[in-house]
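Below: one structure, written as structure tokens.
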Amino acid sequence: MLLSLNGFAQNLGLKVYGKTDYETSIIKNLNYTSFHKNYKSVKSEVDSIQNTLLKMGYIENELKFIKKINDSTFESAIHLKNKIDTIYIYHNKKEINTSKISHVFKIINDTCFAITLPNLENTLSYINAENAKKGFPFTNLKLSNIVKHDSTSLKAHLILDTTNKKRTIDHIIIKGYEKFPKSYLKHFLKIKPGQTFDLNQIKLKTEQLNNLNFARETKSPEVLFSKDSTSLYLYLEKTQSNTFDGFIGFGTNEETNKLEFDGYLTLNLTNNLNFGEEFRILYKSDENDQRTFETNLSLPYLFKTPIGIELMLRLFKKDSSFTTANQSAKLHYQINAKNKTFAGISSTESNNLLSENTTSLISDYSTFNYTLGYEFTSSRTMNLLFPWNSKIYTDVSFGKRKTSASKENQTLALLDAFKIFNLNQKNSIFLRVNGGALISNTYYENELLRFGGINSIRGFEENSIYASLYGVINNEYRFQLSNTIYINSIIDAAYYENKITNIHQKLYGFGFGFGLLTKAGLFKFNYALGKTENENAKLSNSKIHLSLIANF
């Protein structure tokens, strides 16, 4: 009885042979399964071997037998016979334009192409998929009149059944977020009624919703086909897109040895009217008795066109020295979900507040510029700590500066770009480059570019460095401890020029920080030590930067 149970539990061996040793070696290289639990599994494996040989070109392969040698072994013989290498497929040139898919097969003429037999199935699937892109998702294709062309090739006719009419998108129904701005369907996702139906392209387009911060896709699109119409269902969800960004920084004043504070508050209101609009308010107070107030308004897709408008007003005051007011109006064109271009005008007016102007470094002036710009935004990620993967913004302004005594041509160029390089799930490198250049024959202090602080080179006071030209590189190595905590290093470097004081200086910032995702928002702590090229690092020059970004 024990021997009987042992024999019942053991596997059945399978050995498959060809007619010759060469055929046997071909079958052996298929790496078929040699052990099975029962005869049904053995028979299924032999059928699988024959099907594989068929796809390889041995279309005449013949099963001679499957026989039991002993209680644990089966043998099978399959004669491969002649191998077919190529099949010539004839078709109607009006139904298939082979010139657009010539990389898949060898074209003989405009009504015939040749394909190796192992690639036949994939080629037919490819042709069917290409036909579906033209609005025929229910097309059937088959080979008929299959005959031998010669000893190593076949010929056949390809027949396409396109009796169903061409499908176009007739209706677009949004589920979940019914008030989703319809202009974004047409100009951002590039989906609109009357468009040729192609489900794969629609799925690729709806993935671009990841580039929006006020909506997301909850599941893949679905389609309802009726006899006379095609309805597309999109499943969307409105997300929290308003943000509050608060920052406070403090450090020791080198001259007074007293603790000084600076900071800013930024409020972004996005899509509250279900139009895709953005409204931003910023207030900043710097250590050097500097005050900044800025407001921005962006209205996309005006009058259901791909053109939007952006308006900006910035007011800046430097203690009792001067005030500067900047205004701009730009039209932007959304090329696609990631790329946007700008064109507009801007003006600046600055006033000298000094009662006695004992220096020529500050002067009343006004400018009027024409601006061209470009923006690239990559897909948002599912990582709440690092929601954006990369971004590029650049613009160039051309115009004139006017004072009471002269007029002068000027050019202003700005760049801000960053990228996250993910090494693995927990480790990443953040790299950011930003800078600007003011090109002019003469300069005034109240028109120079200002940088320094948490949004440029860390370890220095906010907007404490005046430059006619500057460039900053921010580098962070980030290690994600969990989904809500990360730590990072800080390595910043900058170069700037001040044509008024004739300064050419290199700056460095070193430090560390961490980020913590709380119920209130993302809290960031950065400790950075700043130094110039020719001075030693001093702990008294270090700065602590704290910020909180909250979504609501």
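Rule-based calculations on the coordinates, nothing more; no lab input. The structure displayed is predicted, hence computed values, not measured ones. Note that each Cβ is placed from the backbone with ideal geometry, even for glycine, and that neighbours are counted across all protein chains shown.
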Practice item. Could you work out the relative contact order of region 86-161, using alpha carbon pairs under 8 angstrom and six or more residues apart, expressed as a whole percent? Key: 37 percent
Point to revise | Label-point gap, in nm, between Lys133 and Ser366 - each point 7 angstrom along Cα→Cβ | key: 5.6 nm
**Study point:** Partner lysines for Lys519 [C-alpha distance under 23 Å; skip if fewer than 8 residues away on the same chain]
**Key:** Lys238, Lys426
Point to revise | Normalised contact order of region 171-237, rounded percent, pairs of Cα under 8 Å and 6 or more residues apart | key: 42 percent
Review point. Around Gly452, which amide H atoms from residues at least 5 apart in sequence, or from another chain, sit under 5 Å from its own amide H, with H modelled in the peptide plane?
Key: Ile457, Asn463
Study note, to complete from the structure: proj_area_mean for region 300-345 (convex hull on C-alpha atoms), units nm², value 4.2 nm²
Point to revise | Distance (nanometres) between label positions extended 7 Å along Cα→Cβ at Thr305 and Ser153 | key: 5.7 nm
Exercise for review: Set the Förster distance to 56 Å, then compute FRET efficiency between Asn483 and Tyr90 from the Cβ-Cβ distance, nearest 0.05.
Suggested key: 0.45
**Study point:** region 433-534 - Debye-derived log10 I(q)/I(0), Cα point model, q = 0.14 Å⁻¹
**Key:** -0.59
Practice item. Please report, in debye to the nearest 20, how large the charge dipole of the chain is about its Cα centre when each Lys and Arg carries +1 at its beta carbon and each Asp and Glu carries -1 there. Key: 2400 debye
Study note, to complete from the structure: Across all Cα atoms of the chain, Rg and the largest Cα-Cα distance (Dmax), in Å, are 34.8, 117
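Only sites in a loop by DSSP and with at most 10 other Cβ atoms within 10 Å count here; which trypsin sites (Lys or Arg not before Pro) in region 451-552 make the cut?
Numbers: sites: Arg458, Arg478, Lys499, Lys506, Lys519, Lys524, Lys531, Lys538, Lys543; in loops: Arg458, Lys499, Lys519, Lys538.
Answer by residue number: Lys519.
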Exercise for review: Over the alpha-carbon set of region 385-483, work out the extent along each principal axis and list the three values in angstrom, largest first.
Suggested key: 61, 26, 16
Exercise for review: Would you work out which of Ser542, Tyr486, Leu517 lies farthest towards the positive end of the dipole of region 467-552, given +1 charges on the beta-carbon of Lys and Arg and -1 on that of Asp and Glu, about the Cα centre?
Suggested key: Leu517
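Equivalent-ellipsoid semi-axes (√(5λ), Cα gyration tensor) for region 86-161, whole Å, largest first?
Values: eigenvalues 82, 33, 26 Å².
Taking √(5λ) for each eigenvalue gives 20, 13, 11 Å, largest first.
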Practice item. Could you work out the Kirkwood radius for region 171-237, taking every pair of different alpha carbons, averaging 1/r and inverting it, reported in Å? Key: 12.2 Å
Study note, to complete from the structure: With the convex hull built on the alpha-carbon atoms of region 319-547, volume per residue in Å³ sits at 153 Å³
Exercise for review: Return the sequence-ordered ³J(HN,Hα) values of region 231-240 in whole Hz as given by the Karplus equation 6.51 cos²θ - 1.76 cosθ + 1.60 applied to θ = phi - 60°, using x for Gly and Pro.
Suggested key: 10, 9, 10, 10, 10, 10, 9, 6, 10, 5
Point to revise | For region 289-374, convex hull volume per residue from C-alpha positions, Å³ | key: 109 Å³
Review point. What's the Cα-based Rg to Rh of region 2-79, Rh via Kirkwood?
Key: 1.03
Check your understanding: When only C-alpha pairs under 8 Å and at least 6 residues apart count, what is the relative contact order of the chain, in percent?
Key -> 7 percent
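What's the longest uninterrupted piece of the chain once you rule out the GluC sites (Glu not before Pro) that are loop residues per DSSP with at most 11 other Cβ within 10 Å?
1-177
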Review point. Given region 114-252, what whole percent of its Cα pairs are spread farther than 19 Å?
Key: 63 percent
**Study point:** Only Lys, Arg (+1) and Asp, Glu (-1) charged, at Cβ; region 171-237 dipole about Cα centre in debye
**Key:** 160 debye
Practice item. Select from region 110-193 those trypsin sites (Lys or Arg not before Pro) which occupy a DSSP coil region and have at most 13 other Cβ atoms within 10 Å, ordered by residue number. Key: Lys165, Lys166, Lys179
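Provide the gained length on full extension for the span Leu273 to Leu315, in nm with one decimal, where the gain is 0.36 nm per separating residue minus the Cα-Cα distance.
Net length gain for the segment: 12.4 nm.
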Point to revise | 20 Å Cα-Cα threshold exceeded, pairs from Lys318/Lys407; Lys134/Lys165; Lys55/Lys148 | key: Lys318/Lys407
Exercise for review: Pop a pseudo-label 7 angstrom from the Cα along the beta-carbon direction at both Lys400 and Ile544 and give the gap in nm to one decimal.
Suggested key: 5.3 nm
